[in-house]
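Okay, so here's the structure we're looking at.
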Amino acid sequence: MKYPIVKNIINGKTEQSQGELLDVYSPINGEIISQVNMSGKDTVDEAVKTASAAFEEWSQKTLKERVQVFFKYKQLLEENMDELSELIQEENGKTFGEAKAEIEKSIEVTEFACSLPQIASGEIQEVSRGVECRINRAPLGVVASITPFNFPSMVPNWTIPNAIALGNTMILKPSEQVPLSANRLAELLHDAGLPDGVLNIVHGGQEAVEAICDHPGIEAITFVGSTKVAKIVYQRGAASLKRMLALGGAKNHLIVLPDAHPEMAASNIAASMSGCAGQRCMAASAMVAVGESDHIIEKLCAEAKNIIPGENLGSVISQAAKERIEGYISEAEEQGAEILVDGRGADVNGKGYYVGPTVIDHVTPDMKIASEEVFGPVLAIMRTDTIDEALAIENSSAYGNAASVFTQSGKMADYVAENASAGMIGVNIGVPVPREPFSFGGWNESKFGSGDITGTSSIDFWTKLKKTTTKWNPESKVNWMS
């Protein structure tokens, strides 16, 4: 193995649990690169006790003191960008450029955390003569973050900087398929000056997740993964009275009007459907072509054919994922859809798990590929005559993460933005991820819980308000507040 066993990190020390070891494969070549601890309830309990003990001192520091760690952490992310990107590439299968973009986003959300003293400073106002009201934000206590395989660095950094800077201590449970990046981030945070016990990493699978959901010492949990599991995690955590935010899957629709700029639309759509091998909840997986759009589809197919597995297209996470994705394509073909670009059977030196870019035309809304999350570099094209028919397809989706429209008409763009049932809208943008301080979060079955996981909305999730009303002057005019 290239890397040693990935162990838990509790109170600043690496510890191996008594559970089984799971092999960690690189999807680039299918080789075992490490093994990871599969921890359970006892390890979670130990991590909670450690985080609870660390909370007392960490929460007493001022917000301005706490963010100093993240100024240094940001610098370390920048200095180690290539190493971190290579690690993501190796354990996740992304291209180097995609992995580097993930670290760049991690840096951006860390920058936002550094601004929290100016944003989350509380309020004070004289509400009546001689009477003032003050609001301060207090941390919740021990919190937890359960993160997926598709963004080994970015998604943990959606939560770690804000939650910890706001005074909480944390338990991170990364995907057992990509455990290496999480431990490296913890090492950098230690080097940045984060005290032992403030961030603890517990590796494992279902048993660890269930223990986190059930533990009475954990106050709040964020989760990112499939909708099926997000629902289970949300319900289980909420049943034990935790504050919960669980982000699920997506089926993002791109509505393409005939007046769309052909080159811009084609390049954006191709990049959106294939970026990160389609393994992202913001990927374009369904295109609704309104009216005569063949000229755009032709250019889209030409763009897709320039996306080469192993060169500018990374691998999917596993052999099982490859088989599942190709199964969706074959089923659509059997049901009468037309394969314009076929990515099945992609081969890169006989190694790894690759699916080539795939464009499927004449998909109908009743096909599984039109409504289910494929999580691969696959675009299903449906056709309609009117914009309202296109919106009806988009609004019928159970999900509501993102929707985009490609047009040169401001009126049509506004119409789609107002009527699409999604939390993030793009106009001539295939991946409409908001930049900080604007927050990331979808609607419908793409999100369970209130608030968003990043940006200013995350401040409310990670804190509770303390309201203080004060009167010192007995000479002030008596009124109802007296």
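The values are calculated or read from the model by the stated rules, or taken from the named source; none is laboratory data. These figures come from a predicted structure and were not determined experimentally. Counting neighbours? That spans all protein chains shown, and the Cβs are built from the backbone with ideal geometry, glycine included.
So which residues in the range 214-227 are β-branched (V, I, T) and over 27 Å from F375 (Cβ atoms), if there are any at all? Quick ask: steps written out before the conclusion?
Pass one, the range 214-227, residues β-branched (V, I, T): 218, 221-222, 224, 227.
If the condition is that a residue be β-branched (V, I, T) and over 27 Å from F375 (Cβ atoms), then I218 is the only one that fits.
Could you say which residue among S17, S106, S39, S34 is under 18 Å from A186 (Cβ atoms) and touching a Phe, Trp or Tyr at 6+ places or on another chain (Cβ under 6 Å)?
S34
Name the residue, out of A230, A211, that is hydrophobic (A, V, I, L, M, F, W, C), surrounded by 21 or more Cβ atoms within 10 Å (Cβ to Cβ) and closer than 26 Å to V374 by Cα.
A230
Out of the residues in the range 317-356 meeting the condition of being more than 22 Å from L300 (Cα to Cα) and loosely packed, with under 13 Cβ neighbours inside 10 Å, tell me which one is farthest from the chain's Cα centre (by Cα).
Step one: list which residues in the range 317-356 are more than 22 Å from L300 (Cα to Cα), which gives 317-324, 327, 331, 334-335, 347-353.
From what's left, loosely packed, with under 13 Cβ neighbours inside 10 Å: 320, 323, 334, 347, 349-350.
On the way: A320: 22, E323: 24, E334: 33, D347: 29, N349: 31, G350: 31 Å.
In this case the residue turns out to be E334.
Under the condition of being part of a helix (DSSP H, G or I) and not small (G, A, S), which residue from the range 409-434 is farthest from C276 (Cα to Cα)?
My answer is K411.
In the range 292-351, which residues are farther than 29 Å from L257 by Cβ, among the hydroxyl-bearing types (S, T, Y) and touching a residue at least 24 places away in the same chain (Cβ under 8 Å)?
Listed by number, the residues that qualify are S315, S318.
Hand me the list of helices (runs of 4 or more DSSP H) wholly inside the range 175-287 holding 3 or more residues that are farther than 29 Å from D385 by Cβ.
Ranges flagged: 180-191, 206-214, 227-239.
Could you check, for the range 359-377, whether at least one of its residues is assigned to a strand (DSSP E or B) and either among the hydroxyl-bearing types (S, T, Y) or under 21 Å from A320 (Cβ atoms) (or both)?
Here is the first cut: in the range 359-377, the ones assigned to a strand (DSSP E or B) are 359-361.
Next, only the ones that are either among the hydroxyl-bearing types (S, T, Y) or under 21 Å from A320 (Cβ atoms) (or both) stay: none.
For the range 359-377, residues assigned to a strand (DSSP E or B) and either among the hydroxyl-bearing types (S, T, Y) or under 21 Å from A320 (Cβ atoms) (or both): absent.
Of all residues in the range 270-289, which are buried (at least 24 other Cβ atoms within 10 Å of the Cβ), among the aliphatic types (A, V, I, L, M) and more than 18 Å from S371 (Cα to Cα)?
Passing the criteria: A270, A277.
Only one residue in A403, A380, A398 is more than 24 Å from N312 (Cα to Cα), crowded, with 19+ Cβ neighbours inside 10 Å and either of a type in the set (D, E) or at pLDDT 95 or above (or both). Which one?
After ruling out the rest, the residue left standing is A403.
Looking at E102, E108, which is the one that is buried (at least 22 other Cβ atoms within 10 Å of the Cβ), charged (D, E, K, R) and assigned by TED's automatic domain parsing to the domain that holds D452? Explain how you work it out, then say what you get.
Values: E108 fails: buried (at least 22 other Cβ atoms within 10 Å of the Cβ).
Just one listed residue meets the conditions, E102.
Filter the range 1-31 down to the residues that are buried (at least 16 other Cβ atoms within 10 Å of the Cβ) and in contact with a Lys or Arg (Cβ under 7 Å, 6 or more places away or on another chain), then identify the one that is nearest to D214 (Cα to Cα).
Once the filter is applied, the top-ranked residue is E15.
Please go through the range 234-248 and give me each residue that is surrounded by fewer than 24 Cβ atoms within 10 Å (Cβ to Cβ) and not hydroxyl-bearing (S, T, Y), ordered by number.
Answer for the range 234-248, where residues must be surrounded by fewer than 24 Cβ atoms within 10 Å (Cβ to Cβ) and not hydroxyl-bearing (S, T, Y): Q235, R236, A238, A239, L241, K242, R243, M244.
Looking at V44, is it surrounded by 21 or more Cβ atoms within 10 Å (Cβ to Cβ) and within 30 Å of E207 (Cβ to Cβ)?
Working: surrounded by 21 or more Cβ atoms within 10 Å (Cβ to Cβ): yes; within 30 Å of E207 (Cβ to Cβ): yes.
Spelling it out, V44 is indeed surrounded by 21 or more Cβ atoms within 10 Å (Cβ to Cβ) and within 30 Å of E207 (Cβ to Cβ).
Take the range 60-75 and flag every residue that is within 22 Å of the chain's Cα centre (by Cα) and either more than 22 Å from P139 (Cα to Cα) or not in a helix (DSSP H, G or I) (or both).
From the range 60-75, those within 22 Å of the chain's Cα centre (by Cα) are 70, 73-74; that's our starting set.
K74, the sole residue that qualifies.
Can you pull out the residues in the range 388-408 that are part of a strand (DSSP E or B) and of a type outside the set (A, V, I, L, M, F, W, C)?
The answer is Y399, G400, S404.
Could you pull out the residue among S85, S34 that is assigned to a helix (DSSP H, G or I), buried (at least 16 other Cβ atoms within 10 Å of the Cβ) and not assigned by TED's automatic domain parsing to the domain that holds G275?
Every option except S85 fails the conditions.
Only one residue in E333, E298, E311, E263 is outside the structural domain of E91 (by TED's automatic domain parsing), among the acidic types (D, E) and touching a Ser or Thr at 6+ places or on another chain (Cβ under 9 Å), so which one is that?
Just a single option satisfies the conditions, and that option is E311.
If you check D388, D414, which single one turns out to be over 23 Å from M154 (Cβ atoms), assigned by TED's automatic domain parsing to the domain that holds C276 and out of contact with any helix residue (DSSP H, G or I) (no Cβ under 9 Å at 6 or more places or on another chain)?
D414
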